[in-house]
Amino acid sequence: MQIDSSVRRFRFWSVLTVISIYLLILVGGVVRATGSGMGCPDWPRCFGQWIPPTDVSELPADYKQVYTMQRVAKNQKLARTLAGLGFKQVAGEIFAHPTQYIETDFNATKTWIEYINRLLGALIGIFVFVTAVVAIPYWRRDKAVFWLAVGGWLLTGIQGWLGSLVVSTNLLPIMVTIHMGLALLIVAMLLYAANRAQAQVKQNDTSYVASYTTDSTVPSHTNGVRGLLWLALIVTFIQIVLGTQVREQIDQVASAADYMNRGNWVSQLGSVFKVHRSMSVLIVLLNGYAAYMLWPTARMELRRLLSATLGILGLEIIAGIVLAYLDLPAVIQPVHLTLATLLFGSQFLTLVTWQQVKTKARQAQPQPAHA
């Protein structure tokens, strides 16, 4: 079967963009693990320059006061806007955050780690835009694919704006959480768009469609799997959000200890860490049971996704154990975050693919004859 060139272009750019977003999440984890989140105190430029400085001598003597005043002014405007929209509690939290008026010392290494993170983000912005452009042919073919691609592009713009707020609020926890949540939403939208476009190609493949006529029934014992897959996906999303809060607590503990006595950090974490640790058991049970229910009758495509989900989950559990019992090694922290987002993507694709399997099976069933 020959695939239309527009389909190939869209599939290439959508998959490339998703891979790039995962790479950005990994780099973002490195930024957090190295404490480089405020390596650039302003946005989108870094210390007012498009090419960051490499030595503190390139900055004015009062650079801390200058950028603190700029950040506070920006946050005051943001707080007034949020209060006007009814989010008074969030507006109050912006200035209740203990690091609001603290400017970090210049560190060339941290500055460039953060700047590379921003350059990758800008590159992804271009990728998402190209994905939206190559989705134009789907305006007539499948509007859902078109709007998912365009929506991903628009949300990426909002994500960039949120990134500036993360900097201006000095890594305010709620801003970091929203930033991560939106990244997962963009990933889900682009994954669904790419999957839907690929499904259309398969739908036009007569040999692929014909294969469903020989196995057109969905076992009755899998009727509740869709809800189970949704539950596993939602719990994983909550787990990632909790992980960002644990990361914030680690930063606070580390700062209070002047980044010394790393072995005592875990014992000082609060109840959020315990909930985060315990919820991993629930995630294992949900995904394991879903795989147990689906595996006997699943086709190869679905089995690959189930295997990927369980494999990623296993690696994620190992990374979590290493963090909890080996004094939070910095190199594992971004790996742990990236594996969590990969797990979310794999679960989402499993859910979408299972729904497609059920739909195709119903369509392949012979229709009852009418008198």
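The values are calculated or read from the model by the stated rules, or taken from the named source; none is laboratory data. If you're wondering where the values come from, they're calculated on a predicted model, not measured in any experiment. Cβ atoms come from the backbone with ideal geometry, glycine included; neighbour counts cover every protein chain shown.
Surrounded by 15 or more Cβ atoms within 10 Å (Cβ to Cβ), of a type in the set (Val, Ile, Thr) and part of a helix (DSSP H, G or I), is that true of ILE321?
no
Where in the range 103-170 are there helices (runs of 4 or more DSSP H), lying fully within it, with 2 or more residues that are touching a Lys or Arg at 6+ places or on another chain (Cβ under 8 Å) and either over 25 Å from THR244 (Cα atoms) or charged (D, E, K, R) (or both)?
Filter on the range 103-170 gives 143-168.
Take the conditions surrounded by 18 or more Cβ atoms within 10 Å (Cβ to Cβ) and either of a type in the set (A, V, I, L, M) or in contact with a Pro (Cβ under 6 Å, 6 or more places away or on another chain) (or both) and apply them to ALA290. Does it pass?
It is true that ALA290 is surrounded by 18 or more Cβ atoms within 10 Å (Cβ to Cβ) and either of a type in the set (A, V, I, L, M) or in contact with a Pro (Cβ under 6 Å, 6 or more places away or on another chain) (or both).
Taking the stated definitions as given, is VAL246 assigned to a helix (DSSP H, G or I), over 30 Å from ASN223 (Cα atoms) and touching a helix residue (DSSP H, G or I) at 6+ places or on another chain (Cβ under 6 Å)?
Criteria met by VAL246.
Residue under question is ALA330, and the condition is that it be of a type in the set (Gly, Ala, Ser) and either under 20 Å from VAL18 (Cβ atoms) or crowded, with 20+ Cβ neighbours inside 10 Å (or both); does it hold?
no
Only one of (1) buried (at least 21 other Cβ atoms within 10 Å of the Cβ); (2) closer than 21 Å to GLY227 by Cα; (3) modelled with pLDDT of 95 or more fails for TRP354. Which number is that?
All conditions pass for TRP354, except number (3).
So that you can scan it fast, the table gives a plain yes or no per residue for (1) farther than 20 Å from ILE21 by Cβ; (2) in the same structural domain as ARG45 (by TED's automatic domain parsing); (3) at pLDDT below 85; (4) of a type outside the set (Lys, Arg):
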position	(1), (2), (3), (4)
THR111	yes, yes, no, yes
TRP139	yes, yes, no, yes
LEU155	no, yes, no, yes
PRO173	yes, yes, yes, yes
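So that you can scan it fast, the table gives a plain yes or no per residue for (1) buried (at least 17 other Cβ atoms within 10 Å of the Cβ); (2) outside any helix (DSSP H, G or I); (3) in the same structural domain as MET180 (by TED's automatic domain parsing); (4) in contact with a helix residue (DSSP H, G or I) (Cβ under 8 Å, 6 or more places away or on another chain):
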{"residue": "ALA232", "(1), (2), (3), (4)": "yes, no, no, yes"}
{"residue": "LEU242", "(1), (2), (3), (4)": "yes, no, no, yes"}
{"residue": "TYR259", "(1), (2), (3), (4)": "no, yes, no, no"}
{"residue": "MET279", "(1), (2), (3), (4)": "no, no, no, yes"}
{"residue": "LEU282", "(1), (2), (3), (4)": "no, no, no, yes"}
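Condition first: within 29 Å of GLU248 (Cα to Cα), more than 15 Å from the chain's Cα centre (by Cα) and of a type in the set (Phe, Trp, Tyr). Now tell me which residues in the range 1-49 satisfy that.
TRP43, PHE47
Within the range 36-67, can you find the residues that are surrounded by fewer than 19 Cβ atoms within 10 Å (Cβ to Cβ) and at positive phi?
The one that is surrounded by fewer than 19 Cβ atoms within 10 Å (Cβ to Cβ) and at positive phi: GLY48.
Give the residue, chosen from LYS274, LYS358, that is under 23 Å from the mean Cα position of the chain (by Cα) and assigned to a helix (DSSP H, G or I).
Working: LYS358 fails: under 23 Å from the mean Cα position of the chain (by Cα).
The unique qualifying residue is LYS274.
Can you tell me how many residues within the range 179-192 are over 20 Å from VAL352 (Cα atoms) and buried (at least 19 other Cβ atoms within 10 Å of the Cβ)?
Residues that pass the stated criteria total 1.
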